[in-house]
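Structure, as structure tokens:
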Amino acid sequence: MAKTLLTTLGTGDYTETVYCFGERRAEKTCYVAKALCQLFEIDRIILLLTEEARAKHWSRLQEDLPPHVEKVAKAIPEGKTEAETWAIFDVLVDSIEPNTRLFFDITHAFRSIPLLVLLGAALLRKAKNVEIQGLYYGLYRPGQAETPIIDLTPALRLLDWLTATDKFISTGSALELGQLLDRVQRDFYRQQKPGKGDPRPTRLQSFGQAIRDISRCLELVRPVSLQEDLRKLQRHSTQELAEEVGQFAKPFGLLLQSIQDSYSQLALPADQKEDRRAQVQKHFQLLRWYVEKRFTTQALLLAREWVVSALCLCEGIQDYRGREARQGIEHQLGSLIPREEQLLGDPPATGSLIQQEEQPQSLPPIAAHVPDVQQLADLWSRLSPYRNDVAHVQMNRQPLSSEKLESFVLQDLLPKLEALFPELTRTKGELEGDPSSSQ
């Protein structure tokens, strides 16, 4: 794949110097673009030029560049106004073809161009699958025989951290943060060979894997596996990790405590991991987390199953994940709703449930475990079909609207569950008395 250099020229009088990058040196030249073509074996160069810069430097630069390099000049305005700034941005982005291997040089850039190049690079990577090879700046110093070329590529990674941070704060997903930690450790050993006793990253990769595993469990609604992965996270959360992050992944240091706090609240204490009631309480805490993050689909999937789990415990069934037990509870819940009113998304009319005092034999055993059996019937008549509607992705003649589903989750779901199951919807610290006592 051809290597492309995108650079700019101003109107200054550039002085000849020897540009160097590490141990490599280019021929003496007044144009850093020529040096970069030599140092990185560039195949194509794109120059962003104002009319004045083109008149002063374009002809001379063409003669100075290696003959095999394809040369393309793009006219840009001076960037004195917001409109001109966006015009420069458009030229920059439109000049690059998809799947290009791209080098950026901002040595002679002026006004807002360095910022535009940085943002343009970030956009090109995502929108056009451009492979950014490097972002460079020639640090010219008068009177010095050589001019070092500074690698500013890490600045692009800072944008990656920004994007991943925004995703975590918005959605709770740390998948991208975990991938960045993995890359930091792999890149370190790929690029360096630390000597004996030199500091080196050894924990970033495993911690990154741990938070990726948690994020996948959250995305795919795996509350049981989530507890296993949360325990792994706690084992990785050490002072040594914090020190390693501070040395090799500084941007992540701003988030480390936030991630640990956000995920740890969902974890069962070690002494409660076999406590079925504590497990179901944590599942409700996860449900609350989904609602707070506006994860409507995950909330509906978990809430429907949580009601069954809660009633299993109320019935004294400790193996609340057993299929036979769950089917029995589901059958009882279904019996609360008259067949003629089991319409998708429509709760039964007020008073439609046969009242316990009139015909006590008509109510299933689970009715004894909630303060208002009519509310339970109302909830189940909506929750189960809403979950099914989501699972069947509108493959029916009368699908529910997205607004209706979201409104139910964000406004009704948690209050209704809290009213029906006051003990199981509170954490241990919120309960009065013994949390293991039956309702």
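The values are calculated or read from the model by the stated rules, or taken from the named source; none is laboratory data. All of these numbers come straight from a predicted model, not from anything done at the bench. With ideal geometry, Cβ positions are generated from the backbone for all residues, glycine too; neighbour counts draw on all protein chains shown. Ligands, DNA and RNA are excluded from the accessible area calculation, which covers all protein heavy atoms including side chains. Shrake-Rupley method; radii C 1.70, N 1.55, O 1.52, S 1.80 Å.
Taking the condition among the aliphatic types (A, V, I, L, M), at pLDDT below 95 and in contact with a Leu (Cβ under 7 Å, 6 or more places away or on another chain), does residue 390 pass? First the steps, then the outcome.
Working: among the aliphatic types (A, V, I, L, M): yes; at pLDDT below 95: yes; in contact with a Leu (Cβ under 7 Å, 6 or more places away or on another chain): yes.
Against the criterion (among the aliphatic types (A, V, I, L, M), at pLDDT below 95 and in contact with a Leu (Cβ under 7 Å, 6 or more places away or on another chain)), residue 390 qualifies.
Considering the conditions (1) under 39 Å from the mean Cα position of the chain (by Cα); (2) loosely packed, with under 14 Cβ neighbours inside 10 Å; (3) within 13 Å of residue 109 (Cβ to Cβ), residue 12 is excluded by exactly one of them, (1). For residue 34, the test of being open to solvent by less than 40 Å² (accessible area, probe 1.4 Å), free of Cβ contacts under 8 Å to residues at least 40 places away in the same chain and either under 24 Å from residue 150 (Cα atoms) or among the aromatic types (Phe, Trp, Tyr) (or both) is passed. Does residue 61 satisfy the condition of being in a strand (DSSP E or B) and either in contact with a Ser or Thr (Cβ under 7 Å, 6 or more places away or on another chain) or surrounded by 15 or more Cβ atoms within 10 Å (Cβ to Cβ) (or both)? So residue 61 does not fit the description; no. Screening residue 275 with (1) charged (D, E, K, R); (2) more than 20 Å from the chain's Cα centre (by Cα); (3) more than 22 Å from residue 418 (Cβ to Cβ) gives one miss only, at (3). Look at the range 197-219: where a residue is buried (at least 20 other Cβ atoms within 10 Å of the Cβ) and a partner is basic (Lys, Arg), sitting 6+ places away or on another chain with Cβ atoms under 7 Å, you get 210/232. Determine whether residue 141 is within 26 Å of residue 15 (Cβ to Cβ) and free of Cβ contacts under 8 Å to residues at least 60 places away in the same chain. Considered against the rule, which asks whether it is within 26 Å of residue 15 (Cβ to Cβ) and free of Cβ contacts under 8 Å to residues at least 60 places away in the same chain, residue 141 comes out as yes.
Going by what's in this entry, would residue 287 be described as closer than 25 Å to residue 418 by Cα, at pLDDT below 95 and in contact with a helix residue (DSSP H, G or I) (Cβ under 6 Å, 6 or more places away or on another chain)?
Working: closer than 25 Å to residue 418 by Cα: yes; at pLDDT below 95: no; in contact with a helix residue (DSSP H, G or I) (Cβ under 6 Å, 6 or more places away or on another chain): yes.
Answer is no for this residue.
Candidates in the range 77-96 are the residues that are within 14 Å of residue 8 (Cα to Cα) and touching a residue at least 60 places away in the same chain (Cβ under 8 Å); of these, the one that is nearest to the chain's Cα centre (by Cα) is 92.
Residues of the range 220-239 that are open to solvent by 80 Å² or more (accessible area, probe 1.4 Å) and either farther than 24 Å from residue 305 by Cβ or out of contact with any Lys or Arg (no Cβ under 9 Å at 6 or more places or on another chain) (or both): 220, 228, 232, 234, 235, 239.
Where residues in the range 357-374 are buried (at least 16 other Cβ atoms within 10 Å of the Cβ) and at pLDDT 90 or above, which of them is nearest to residue 288 (Cα to Cα)? Checking each candidate, the answer is 370. Is it the case, given these coordinates, that residue 64 is in contact with a Phe, Trp or Tyr (Cβ under 7 Å, 6 or more places away or on another chain) and at pLDDT below 90? Here the answer is yes, as residue 64 does meet what is asked.
Restricting attention to the range 375-409 and to residues that are among the polar types (S, T, N, Q) and assigned to a helix (DSSP H, G or I), the residue that is surrounded by the fewest Cβ atoms within 10 Å (Cβ to Cβ) turns out to be 402.
Looking across 53, 87, 73, 109, one residue alone is modelled with pLDDT of 90 or more and small (Gly, Ala, Ser). It is 73.
Before we move on, is residue 304 surrounded by fewer than 19 Cβ atoms within 10 Å (Cβ to Cβ) and of a type in the set (D, E, K, R)? The answer is no for residue 304. Tallying residues that are of a type in the set (A, V, I, L, M) and open to solvent by 20 Å² or more (accessible area, probe 1.4 Å) within the range 122-179 yields 14.
Among the numbered conditions (1) crowded, with 18+ Cβ neighbours inside 10 Å; (2) of a type in the set (A, V, I, L, M); (3) more than 27 Å from residue 413 (Cα to Cα), the only one that residue 242 does not meet is (1).
Listed here are the residues, each with its yes/no results for (1) hydroxyl-bearing (Ser, Thr, Tyr); (2) modelled with pLDDT of 90 or more.
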position	(1), (2)
218	no, yes
224	no, yes
240	no, yes
243	no, yes
257	no, no
262	yes, no
268	no, yes
274	no, yes
